[in-house]
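Input: a single structure, listed below in structure tokens.
The values are calculated or read from the model by the stated rules, or taken from the named source; none is laboratory data. In this text, all values refer to a predicted model and were calculated from it rather than measured experimentally. Positions of Cβ are backbone-derived with ideal geometry, glycine not excepted, and every protein chain shown enters the neighbour counts. Protein only, heavy atoms only, side chains kept; ligands, DNA and RNA dropped before computing areas. Shrake-Rupley method; radii C 1.70, N 1.55, O 1.52, S 1.80 Å.
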Amino acid sequence: MDQAFVERTEQFLKDTFSNSVYLQAHPTDWEYRIQHSYRVANLAKYIAQQEGLDVTDAVIAGLLHDIAYCEEMPTQEAQRNHGRRSAVIARTFLEQQGLDPDRINTICYAIAIHVDDKADFTWEHTAFSNLVGDADNIDRFDAYRIYETLEYRNFSSLAFSEKQAMVNTSLERLEQLKGLPFGSPTATTLWVQRLEYYISFYQRLQDQLRNSTQIL
């Protein structure tokens, strides 16, 4: 891995977020987005290592995949477009690094399509193209996200019946996600492992709720 290039990319990401008027006004978003970017980059690195893909480019793409969040996104359309917008911002940085145009397009294409599988430029779809989207989806299902989800939904303040309903709905949704397609065997394995962890947690929580009101 080209450590110097990765470090320059890290600095570019941090500088872009630090200079963002929007993120300055929303420090919680800044903290979440930078941490999420690192997690996605690390997942992309692991997948690339296992699949024989370019590790440096995987890390770069992961770090920059959400850089457009330096800008305010007031509409759902803007949020859906953040992959393509991130690719535009990333391209400017990558061009300044003197990368080969094909390499830039490969990285930017993976960034551009990670939200809805659509890019605003034409490029060959390869195994690398799926890296960012796969890593991004996998990161949505980790241990810390369980805590964030429960906190966001004010789980501790819900009525008992509302807690039960939320847990049941979560389990139904997790079962529906089992067949979500991924771009590599490594990503698929990681996804299944994360889902199994989530399902196990919510099943345990479901059992605990059942045991809280009656003798079974």
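Scanning the stretch 170-216 for residues that are part of a loop (DSSP other than H, G, I, E, B) and of a type in the set (A, V, I, L, M) yields Leu180, Ile215, Leu216.
Please find, within the stretch 54-77, the residue that is farthest from Ile113 (Cα to Cα) out of those that are in contact (Cβ under 8 Å) with a residue 24 or more places away in the chain and among the aliphatic types (A, V, I, L, M). Don't jump to the end; show me each part of the working.
Kept after step one, since they are in contact (Cβ under 8 Å) with a residue 24 or more places away in the chain, are these residues of the stretch 54-77: 54-67, 69-72.
Subsequent filtering for residues that are among the aliphatic types (A, V, I, L, M) retains 55, 58-61, 63-64, 67.
Values: Val55: 19, Ala58: 14, Val59: 16, Ile60: 15, Ala61: 11, Leu63: 15, Leu64: 13, Ile67: 14 Å.
That would be Val55.
Of all residues assigned to the stretch 82-100, at least one qualifies as being on the phi > 0 side of the Ramachandran plot and either open to solvent by 20 Å² or more (accessible area, probe 1.4 Å) or of a type outside the set (A, V, I, L, M) (or both).
Each residue in the stretch 98-120 was checked for being closer than 14 Å to Thr56 by Cα and of a type in the set (Lys, Arg), and 1 of them qualify. Kindly check whether there is at least one residue in the stretch 140-150 that is closer than 14 Å to Asp57 by Cα and touching a Ser or Thr at 6+ places or on another chain (Cβ under 9 Å). Checked against the condition, which is being closer than 14 Å to Asp57 by Cα and touching a Ser or Thr at 6+ places or on another chain (Cβ under 9 Å), the stretch 140-150 yields no hits at all. Taking each residue of the stretch 37-53 that is in contact (Cβ under 8 Å) with a residue 24 or more places away in the chain and looking for partners that are among the polar types (S, T, N, Q) and open to solvent by less than 60 Å² (accessible area, probe 1.4 Å) with beta-carbon atoms closer than 7 Å, six or more apart or interchain, yields Ile47/Ser184; Ile47/Thr186; Gln50/Thr186; Glu51/Ser184; Glu51/Thr186. Remark: pairs (first residue in the stretch 185-199, under 15 Å from Arg140 (Cβ atoms); second residue open to solvent by 60 Å² or more (accessible area, probe 1.4 Å); Cβ separation under 7 Å; 6+ apart in sequence or on different chains) = Trp191/Leu180; Leu195/Lys178.
Among the residues of the stretch 60-81, those that are aliphatic (A, V, I, L, M) and open to solvent by less than 10 Å² (accessible area, probe 1.4 Å) comprise Ile60, Ala61, Leu63, Leu64, Ile67, Ala68.
Give the residues of the stretch 1-25 that are surrounded by 16 or more Cβ atoms within 10 Å (Cβ to Cβ) and among the small types (Gly, Ala, Ser), sorted by residue number. The answer is Ser20, and nothing else. Residues that are among the β-branched types (Val, Ile, Thr) and buried (at least 17 other Cβ atoms within 10 Å of the Cβ) within the stretch 167-198 comprise Val167, Thr186, listed in sequence order. Kindly indicate the residue of the stretch 142-160 that is of a type in the set (S, T, N, Q), open to solvent by 60 Å² or more (accessible area, probe 1.4 Å) and in a helix (DSSP H, G or I) and also nearest to Gln35 (Cα to Cα) among those meeting that condition. If we take residues in the stretch 142-160 being of a type in the set (S, T, N, Q), open to solvent by 60 Å² or more (accessible area, probe 1.4 Å) and in a helix (DSSP H, G or I), then Ser156 is nearest to Gln35 (Cα to Cα).
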